[in-house]
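Written out below as structure tokens is the structure these notes cover.
Just so you know, all these numbers are worked out from the coordinates, no wet-lab data involved. This structure is a prediction, so every number in the text was calculated from the model and none was measured. With ideal geometry, Cβ positions are generated from the backbone for all residues, glycine too; neighbour counts draw on all protein chains shown.
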Amino acid sequence: MDQHSSAPESAEARTGLATTVNEARSGDWWRDAVIYQIYPRSFADGNGDGMGDLEGARARLPYLAELGVDAVWLSPFYASPQADAGYDVADYRAIDPMFGTLHDADALIRDAHALGLRVIVDVVPNHSSDRHEWFRRALAGDPAARERYHFRPGKGPSGDEPPNDWESIFGGPAWTRTEGGERHWYLHLFAPEQPDFNWEHPAVQDEFRSVLRFWLDMGVDGFRIDVAHGLVKAAGLPDMGDTGQLRLLGTATLPFFDQDGVHEIYRSWRRVLDEYPGQRIGVAEAWTPSAERTALYVRDDELHQAFNFHYLNTGWDAAALRAAIDESLGSLGAVGAPATWVLSNHDVVRHRTRLGGGHSRGRAASLLMLALPGSAYVYQGEELGLPEVRELPAEVRQDPAFFRTADPVGAAGQEGLRDGCRVPLPWEESGSSYGFGSGGSWLPQPAGWGALSVTAQTGDPESTLELYRTALRLRRARPELGDGEELEWLPAPEGVLAFRRGGFVCAANTGTGPAALGFPVGELLLASGPFDGGATLPGDTTAWWVRG
Ligand code: GLC
């Protein structure tokens with residue numbers, strides 16, 4: 001791939017740039033891509049206000065190109081009151097001043113392309129911000145605007161009770177009663193500042209196709225679709241007849257999640273994506289009850305990828321991981337889609353902490369993920385081995401889930417509380433916010449963050465950063481590590497997972513003690529921890545070999 005092609009000037013030429021980048025690589029680029037998630041507010045701060053921004057991200061693109069990823073996905077940077085860190089969008093075609101300007105977005109896309117990196121942006125279609133112009137008009141009583149959301153009269157003699165028993169993902173009822181005028185309730189599956197759109201309405205459907213085109217015209221290579229499973233609600237908005245609905249998320253088809261009607265929307269989005277040159281992709285954030293249900297989002301005429309939350313939710317256990325891998329490859333292979341693998345993102349406890357077992361286990365899990373067939377998602381900072389930051393005082397927290405959880409401090413671990421994985425990255429060993437920016441950081445960074453910084457780890461062969469760099473370089477160099485569903489399990493002792501892909505072998509020991517491997521090992525390529533390359537694999541270690 002040409003890493004140094006310069007960006008053309010005109011908008012038309014820019015649309016063609018993605019084609020140039022795409023054509024430079026053979027096959028479907030996204031099938032085996034490593035995609036790096038930038039969470040803009042915590043990645044790099046270009047203007048020294050303590051909050052990450054597009055300018056900061058642009059300046060760090062060479063770091064990502066050098067890391068060896070294929071694409072970046074940016075979490076929302078749109079105009080937003082930030083009630084849910086930007087997942088409450090007030091204007092889908094504008095950049096929030098805290099992140100920069102449209103000019104900055106354009107410059108970032110151009111620079112990324114010039115470095116050979118593709119750019120995926122987030123789109124948030126399930127709900128808008130309560131400050132979105134349509135919702136403001138709806139609250140002011142405009143009947144046409146109200147139809148674009150879910151307004152309903154309350155239950156009970158004076159309409160004091162919510163229209164149904166649905167619960168918000170962030171806690172409390174999924175309905176809020178409006179003030180004045182017609183005191184109807186509106187639906188919000190997330191925070192009250194995030195009213196759900198009514199996707200039955202043609203104006204909503206048209207608007208989002210237009211938003212997609214706006215960003216495609218800017219040159220983006222795809223979209224990560226927020227709450228892709230939530231857009232369509234069961235007809236009549238029926239009661240669940242149950243409380244504690246959160247525990248059912250991802251395990252059952254709910255009247256507000258994973259309804260079959262969503263697929264028609266993605267078929268129409270696919271037609272939009274296919275209007276553009278190159279391969280512009282759609283990635284579903286879809287929490288569904290099973291790998292089969294997830295596979296429905298990536299059928300031929302729908303989206304290209306869906307996050308593999310079943311894999312993310314599988315603990316560090318060889319048998320469970322093997323089952324999750326088989327299930328994913330089987331159900332996705334059946335619809336011709338590549339698998340995706342993900343361990344961390346901005347909504348979950350960082351995997352180094354979540355899996356228990358600390359540093360070694362986190363590295364072993366990463367190396368296993370990067371050996372699997374398909375596409376892998378890397379969340380910013382996981383390449384530095386960052387742990388979850390648990391000790392954040394209540395007064396600095398910003399996650400709406402924290403404030404809507406009855407007993408957040410008593411809540412088990414950090415589960416469901418998301419500030420701890422959003423602490424700004426350490427780039428340097430010392431200095432203001434460890435190189436994140438010149439003006440501090442919007443969440444406090446823990447002592448010791450500097451030792452995990454990019455500069456501290458660069459050049460240290462033992463570091464997690466160098467492990468990722470080497471793994472990504474090997475992944476690019478070895479064709480059998482890329483696309484495909486083919487994976488042959490090798491006999492392995494309990495607690496060990498071993499497979500072959502062409503001339504490549506990977507084994508992961510999920511136990512804590514050493515395990516004797518039952519197959520001939522070849523030349524060691526890489527290991528996640530101290531290992532002599534022989535037939536006994538230490539605990540919490542993954543190794544890669546050239547087949548023996
Ligand atoms: C998705 C996002 C999450 C956000 C929610 C509501 O799950 O990843 O951060 O809070 O949607 O938009």
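Structure above, values below:
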| quantity | calculated |
| --- | --- |
| GLU264 versus ALA320: modelled label distance in nm, points set 7 Å from Cα along the beta carbon direction | 3.9 nm |
| Tensor-based shape of the stretch 150-208 (alpha-carbon gyration tensor, a/c under 1.5 rounded, otherwise prolate or oblate) | oblate |
| Gain in span if fully extended, ASP206 to LEU524, counting 0.36 nm per residue against the direct Cα distance | 109.1 nm |
| Contour excess over end-to-end distance, with Cα ends at ARG299 and GLU486 and 0.36 nm allotted per residue | 65.4 nm |
| Mean shadow area of the stretch 161-319, taken as a quarter of the surface of its Cα convex hull (nm²) | 11.9 nm² |
| Pairs of Cα atoms farther than 38 Å apart, the chain, % | 27 percent |
| Surrounding net charge for TYR36, when Lys and Arg each add one and Asp and Glu each subtract one, Cβ distance under 11 Å | -1 |
| Radius 9 Å from Cβ of TRP73, net charge of other residues (Lys, Arg +1; Asp, Glu -1) | 0 |
| ASP160/ALA334 FRET efficiency (R0 41 Å; Cβ-Cβ; nearest 0.05) | 0.25 |
| Cut-off under 5 Å, modelled amide H: who pairs with ASP91 long-range | ALA79 |
| Nitroxide proxy distance, nm - points 7 Å out along Cα→Cβ at THR470 and ALA451 | 2.1 nm |
| ARG271/GLU292 FRET efficiency (R0 25 Å; Cβ-Cβ; nearest 0.05) | 0.50 |
| 20 Å cut-off, amide nitrogen to a point 7 angstrom out along THR536 Cα→Cβ, residues in the stretch 485-518 | 492-498, 507-518 |
| Two-site label geometry, ARG213 and VAL396: point separation in nm, points 7 Å out along Cα→Cβ | 4.6 nm |
| Length released on extending from ASP28 to THR458, taking residue separation times 0.36 nm less the Cα-Cα span | 151.6 nm |
| Within the stretch 349-365, backbone nitrogen closer than 18 Å to the virtual label 7 Å beyond the Cα of ARG478 toward Cβ | 363-365 |
